[in-house]
Structures are given as structure tokens and as C-alpha cells.
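Just below is one structure, and these are the notes that go with it.
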Amino acid sequence: MDALIAFGISFSIALITYSLMFGIFLLPRLRKIPFYKALIGLLLIHCFRTVALMMIVPTTPDHLHIFPKVIAEAIACGELISAVLALTCVLTIHYTKMRSLLLVWIFSLVGMGCLVLVLINIFLYQTTTYEVGVNWLILHYYVPLLWVSHVLIIQMIMNKKI
């Protein structure tokens with residue numbers, strides 16, 4: 001099977017599965033808790049985006065460096081900024097009286113921008129044809145989770161409810 005087709009199938013099934021998991025199991029539970037606590041739960045998923053830093057660590061095996069250095073640095077930096085913004089949103093919402101949805105909007109725009117950058121570069125550099133190792137798991141299982149949670153976060157803050 002062509003690697004790009006396998007990527008598309010795997011990514012799509014993960015996206016559909018996460019959407020069903022959120023819709024069937026998570027949303028009914030989130031509706032029962034206060035808005036900001038539910039928002040924190042979704043934001044916490046994004047605090048692990050630091051995993052992208054492995055792309056720029058010199059001790060990472062060469063075959064796992066699937067993007068040109070300048071692209072890998074941009075992606076890793078964007079993902080780190082997204083993780084820090086998500087954590088900042090969580091701490092701001094939880095520990096202060098300030099319920100800044102503006103900060104959550106900024107996080108969402110930056111976070112989704114980074115994900116778009118990753119997907120564009122996957123196709124641009126045909127990284128699905130490389131031996132990608134653990135990147136396969138990240139691209140096929142974590143990135144779809146990030147997309148689904150981003151959509152739900154935006155839906156929540158636009159409606160200010162779940």
C-alpha cells in the first residue's frame with residue numbers, strides 16, 4: 001500500500017474515532033461540570049505538545065529527522081509555544097479570577113496554525129515515504145486528538161457552553 005494512502009486512512013480513522021469518543025463519552029460528562037473546568041480538561045491535552053521537541057534534539061536518530069532542519073525547528077518551536085500557551089490558559093483559568101477567553105483564542109489560533117504547518121510539510125516533503133519511527137504514532141494518534149479537541153474548544157468558547 002502506498003504510504004500516503006496508509007497515512008490518510010490511519011489519520012482519518014483516528015479523527016473519526018476521537019470525534020466519536022468525544023461525542024459519545026466525553027461531552028455528556030463535560031456538560032455536567034462548570035464551563036471553565038471543562039475547558040481546562042480539554043486544554044490539558046495540549047500541554048504534551050512538547051513531544052515535538054524530539055525533532056530538534058541532536059541525539060535523536062537521523063532517520064527520525066523527517067523534515068529539513070529549518071522546518072523541524074519551526075514546528076518544534078510552534079508546538080512548544082502551543083504547549084506553553086495551553087498551560088498558561090489552564091493556570092490562568094484555574095488560579096485567578098480572570099477568565100480570559102482571549103488567551104484561549106490566541107492559543108487556539110497558534111495551536112491550529114502549527115498543526116496546519118505540520119500537515120502541509122508532511123505532503124510537501126513526502127515524509128510518509130520515510131522511516132518515521134515514533135513520529136508515526138504522533139502523527140496518527142496524537143495529532144487527530146489535538147484537532148478534535150481544538151474544534152471542541154472553539155465550539156465551547158463560541159457558544160460559551162458545551
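Observations on the structure shown:
- Mean separation of Cα contacts under 8 Å (6+ apart) over length of the chain, as relative contact order %: 36
- Taken about its Cα centre, the chain carries a charge dipole of about 1120 debye when Lys and Arg each add +1 at the Cβ and Asp and Glu each add -1 at the Cβ.
- In nm, spacing of pseudo-spin labels at residue 44 and residue 84 (7 Å Cα→C-beta vector): 2.3
- Extension gain, residue 70-residue 12: 0.36 nm per intervening residue step, less the Cα-Cα distance, totals 18.1 nm.
- Modelled FRET efficiency - R0 22 Å, residue 91 with residue 27, Cβ distances, 0.05 increments: 0.35
- Calculated log₁₀ intensity ratio I(q)/I(0) where the Debye formula runs over C-alpha points of segment 1-116, q = 0.10, 0.14, 0.18, 0.23 Å⁻¹: -0.41, -0.76, -1.08, -1.27
- Per-residue Cβ neighbour rank within 10 angstrom, fewest leading, 110, 116: 116, 110
- Proxy reagent accessibility, fewest Cβ within 10 Å first, across 104, 57: 57, 104
- Ordered by the number of other Cβ atoms lying within 10 Å of each residue's own Cβ, fewest first, 149, 10 fall into the sequence 10, 149.
- Whole-angstrom gap from segment 143-159 to segment 1-73, using each part's C-alpha centre: 12
- Label separation (residue 77 vs residue 137): 2.9 nm, computed from points 7 Å beyond Cα along the C-beta direction.
- Annotation note: trypsin sites (Lys or Arg not before Pro) in segment 1-55 located in DSSP loop regions with a Cβ neighbour count of at most 10 within 10 Å are 32.
Here, each number is a calculation from the coordinates, and none is a lab measurement. Everything numeric in this text was worked out from a predicted model, so none of it was measured. Note that we place each Cβ from the backbone using ideal geometry, even for glycine, and neighbour counts take in every protein chain shown.
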